[in-house]
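Undergrad: Below: one structure in structure tokens.
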């Protein structure tokens, strides 16, 4: 009952923080030391059994001209998740985000998101024969959906900033002619807004090209879909 109350909307932010902080599960990203602290991701379950991912951080901060003394990186990721949801970019659903200072004035921070049901890393999908099993029509849907999600993000001036292929997840629903492929974007910890859509697009599209295994033909298809959705060519590609 206490766990259920802590996850209800009537619970205070402190109660929800302490509830999720106390949860333990399998590490899917072992804690690593960087940015002056530790950060890792665990797979946990909510009181109703829903599968969640909890990014747990201690002293893990970034600094900017707005936050010269440091701010937990999950708060930047929270801002990005909210911004991208508003732009209809497919990203994980946020369940909870919060940060507190402990008695020694060190930040503790949490970001809890719902699992992306049925999605897997695109490279795992390729390696598992997904492209061959579902055919080129579905593969083109995946390239187009990736392009359209990125274009919506960039038109909103959001830059992913860490657009490696491992952060692109795919899901195929249905079979045969009814099969449909779609894409979601993960790991928004470094996401930020740029002055113009072009600046955001230039950085991310170049980065994706460097860190993807797309063939030249697949890249040209993706670029065609992207520029159609974005509304112009990307300078410097």
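Undergrad: Which one of these is in contact with a strand residue (DSSP E or B) (Cβ under 7 Å, 6 or more places away or on another chain), free of Cβ contacts under 8 Å to residues at least 60 places away in the same chain and within 30 Å of residue 147 (Cα to Cα): 80, 54?
TA: Among 80, 54, only 54 is in contact with a strand residue (DSSP E or B) (Cβ under 7 Å, 6 or more places away or on another chain), free of Cβ contacts under 8 Å to residues at least 60 places away in the same chain and within 30 Å of residue 147 (Cα to Cα).
Undergrad: Assess whether residue 142 counts as being part of a helix (DSSP H, G or I) and over 19 Å from residue 92 (Cα atoms).
TA: In short, no.
Undergrad: Report yes if residue 116 is touching a helix residue (DSSP H, G or I) at 6+ places or on another chain (Cβ under 9 Å) and over 17 Å from residue 191 (Cα atoms), otherwise no.
TA: no
Undergrad: Can you name every residue in the stretch 163-181 that is touching a helix residue (DSSP H, G or I) at 6+ places or on another chain (Cβ under 8 Å) and either assigned to a loop (DSSP other than H, G, I, E, B) or buried (at least 20 other Cβ atoms within 10 Å of the Cβ) (or both)?
TA: 163, 164, 168, 169, 170, 172, 179, 181 - these are the residues of the stretch 163-181 that are touching a helix residue (DSSP H, G or I) at 6+ places or on another chain (Cβ under 8 Å) and either assigned to a loop (DSSP other than H, G, I, E, B) or buried (at least 20 other Cβ atoms within 10 Å of the Cβ) (or both).
Undergrad: Might you check whether a residue that is more than 16 Å from the chain's Cα centre (by Cα), on the phi > 0 side of the Ramachandran plot and in the same structural domain as residue 162 (by TED's automatic domain parsing) occurs anywhere in the stretch 118-126?
TA: no
Undergrad: Taking residue 198 as the residue in question, decide whether it is out of contact with any helix residue (DSSP H, G or I) (no Cβ under 9 Å at 6 or more places or on another chain) and surrounded by 15 or more Cβ atoms within 10 Å (Cβ to Cβ).
TA: no
Undergrad: State whether the residues of the stretch 209-222 include one that is under 30 Å from residue 54 (Cα atoms), assigned to a helix (DSSP H, G or I) and either touching a residue at least 12 places away in the same chain (Cβ under 8 Å) or in contact with a strand residue (DSSP E or B) (Cβ under 7 Å, 6 or more places away or on another chain) (or both).
TA: For the stretch 209-222, residues under 30 Å from residue 54 (Cα atoms), assigned to a helix (DSSP H, G or I) and either touching a residue at least 12 places away in the same chain (Cβ under 8 Å) or in contact with a strand residue (DSSP E or B) (Cβ under 7 Å, 6 or more places away or on another chain) (or both): present.
Undergrad: A follow-up question, please. Quick one: how many residues across the stretch 182-195 are over 18 Å from residue 121 (Cα atoms) and in contact with a helix residue (DSSP H, G or I) (Cβ under 9 Å, 6 or more places away or on another chain)?
TA: Adding up the residues that qualify gives 5.
Undergrad: Count, please, the residues in the stretch 132-156 that happen to be surrounded by fewer than 18 Cβ atoms within 10 Å (Cβ to Cβ) and touching a helix residue (DSSP H, G or I) at 6+ places or on another chain (Cβ under 6 Å).
TA: 1
Undergrad: If you don't mind, another one. Exactly one condition in (1) under 22 Å from residue 132 (Cα atoms); (2) in a helix (DSSP H, G or I); (3) more than 19 Å from the chain's Cα centre (by Cα) is false for residue 227; which is it?
TA: It fails just one condition, (1).
The values are calculated or read from the model by the stated rules, or taken from the named source; none is laboratory data. These numbers were taken from a predicted model, which means no experiment stands behind them. Heads up, the Cβs are rebuilt from the backbone with ideal geometry, glycines too, and the neighbour counts pull from every protein chain shown.
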